[in-house]
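Just below is one structure, and these are the notes that go with it.
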Amino acid sequence: MSDTGSEIIPRLYMKLLPVQILLVVIGAFNSIIDNIFASNFLGPEAMAATGLFSPVNFFLNAFNVLMFSGSQIVCGKYLGKNMAKRTSGVFTMDMMIMAAVSVLFMLICELFSGTAAGALGASETLKAGLAQYISGFAIGLPAFCLGAQLTAFLQLEKKEKITYIGIVSMFTANSFLNWLFIARLDMGFFGLGLSTSIGNLIFFLIEFSYYISGRSSIKLSVKDIVIGDLPEVLKNGLPGALSQFCLFLRGIILNTLIQCFVGSDGLAAMSSIQSFGAVFWAVPAGVLAGVTILGSVYTGEEDRASLVILMKAFMKRGVGLVLLVSLIYSALCVPFTNIFFHDPQATVYKMTVIGFLLFPLSTPLSVVTHGFDNCYQCLQHYNIVRIITIFDGLVAMAGIALILVPLMGMNGVWAAQILNGVVLILIIFIFIVYCNKGFPASFEKLLCIPEEF
């Protein structure tokens, strides 16, 4: 690789970050707005109810990520080989499958909202409100799922500006509608969910307008679908989907522990951390998505040198950015808490401050692990990818929390997140030593690139 390549690839990697960060911010902004109105107009119980619902987002995202993550990797390889029609076929197949799945989810949520609220562990005082929120939120499920798919493909076409317009429009609509439905029309929990649904619909329509305008390079074309691409899409998307499903189970376990050993104040604090945490996680997610996108192209081209340069850029620039944002986030723990709660003497206030302070400390370790995990996925080291996914999403975090939460309360949750990162780093290190049959002698050896690559 020439010096020019050594300079271009890090710049290309950093250029990808803004839109990838904004992709995660999409849902995060809605969550923050919802929780601000919930805490200030509906009270702490509303925060506890939305906290109980948060694992459902991971469950839905499992199917979302399965398709758009897998499709993104497959399309990246086809683009690396200049196969435009196969890219369009994967895009069309992705949209058709997600349309069917999301409509099915919408119907289930609408018909069984009360049952779902009870299954999520809502008490009798929270059950009715949570059921209303689920009913309002479910209306926009198809738009939410399809909008996520379109965002990934718009980036492949370098049409990020459309996504930016959609984000601003959605955020504006959700903010106004929350004020209208909750503060003015007194629609309560249903209005809280409905405002998010309408915001998701606006976002989807803005993005989809590009694909029905005839200007897109990637077309909706049923005739270009190759069914044989579906297994590869599912295989590549499965680790991400499995991660989201594990997070769903982990969320259920954590919510149960918090209810048993801390109470509703703990759920409200957790909901606050998660809503702002989604924005905070946008930076790490963008850093990691850049590895997936460029890594899939370089592995499709079998370009060993470019892959090594990419991962060096990730470690130096990507992880450095995450570390900086983590420190800033921790420093703002009190101002962030004041957005949701206003009494410094209240238990929920103190829990939330500590959460905002400690939550970011686990992130740099997690990003390093998942950066290598994404690289291993592109290189088809599927066994270690599955192990990391299961341990990160469920086994390590939930296992440590089962021990610490009964002893330390909410502090046990934050401590479990930090220790979870340590466990994942150890797993990665063991895998690297195993692949190299000893301690790695160079940075390239850390990537465990097959010799025949």
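Listing for the model above:
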{"item": "Whole-number accessible area per residue in Å² for the chain, which is evaluated in the context of all protein chains at 1.4 Å", "result": "41"}
{"item": "Helix 396-408 axis, angle to the chain major axis (alpha carbon atoms, nearest 10°)", "result": "30"}
{"item": "Rg/Rg_globular for region 113-215, with Rg_globular taken as 2.2 N^0.38 Å and Rg from C-alpha atoms", "result": "1.25"}
{"item": "Rounded percent of accessible protein surface that carbon and sulfur make up, region 61-158, 1.4 Å probe", "result": "68"}
{"item": "Sequence-distant lysines (8 or more away, or on other chains) whose Cα lies within less than 17 Å of Lys223", "result": "Lys85"}
{"item": "Net dipole in debye of region 158-266 [+1 Lys, Arg Cβ; -1 Asp, Glu Cβ; about Cα centre; nearest 20]", "result": "360"}
{"item": "Theoretical gain in end-to-end length, Ile108 to Ile418 [0.36 nm per residue, Cα-Cα removed]", "result": "108.0 nm"}
{"item": "Nearest 10 degrees, 0 to 90: helix 124-138 Cα axis against the chain principal axis", "result": "40"}
{"item": "Percent carbon-and-sulfur accessible area, region 354-405, ignoring ligands, DNA and RNA, probe 1.4 Å", "result": "74"}
{"item": "Accessible area (Å², 1.4 Å probe, nearest 10) - Asp343", "result": "80"}
{"item": "Overall form of the chain per C-alpha gyration tensor (a/c, 1.5; a/b vs b/c)", "result": "oblate"}
{"item": "Proximal lysines to Lys437, defined as alpha-carbon separation beneath 18 angstrom and excluding residues fewer than eight positions away on the same chain", "result": "Lys445"}
{"item": "Label-point gap, in nm, between Glu451 and Ala128 - each point 7 angstrom along Cα→Cβ", "result": "7.1"}
{"item": "Protection proxy ranking of 374-382, 82-90, 216-224 - average other beta-carbon atoms within 10 Å, highest first", "result": "374-382, 82-90, 216-224"}
{"item": "Aspartates and glutamates with Cα under 16 Å of Lys158, excluding same-chain neighbours fewer than 8 positions away", "result": "Glu207"}
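The values are calculated or read from the model by the stated rules, or taken from the named source; none is laboratory data. As the structure is a prediction and not an experimental result, all values here were calculated from the model. Every residue, glycine among them, receives a Cβ derived from its backbone with ideal geometry; neighbour counts consider all protein chains shown. Surface areas here come from the heavy atoms of the whole protein model, side chains and all, with no ligands, DNA or RNA. Shrake-Rupley method; radii C 1.70, N 1.55, O 1.52, S 1.80 Å.
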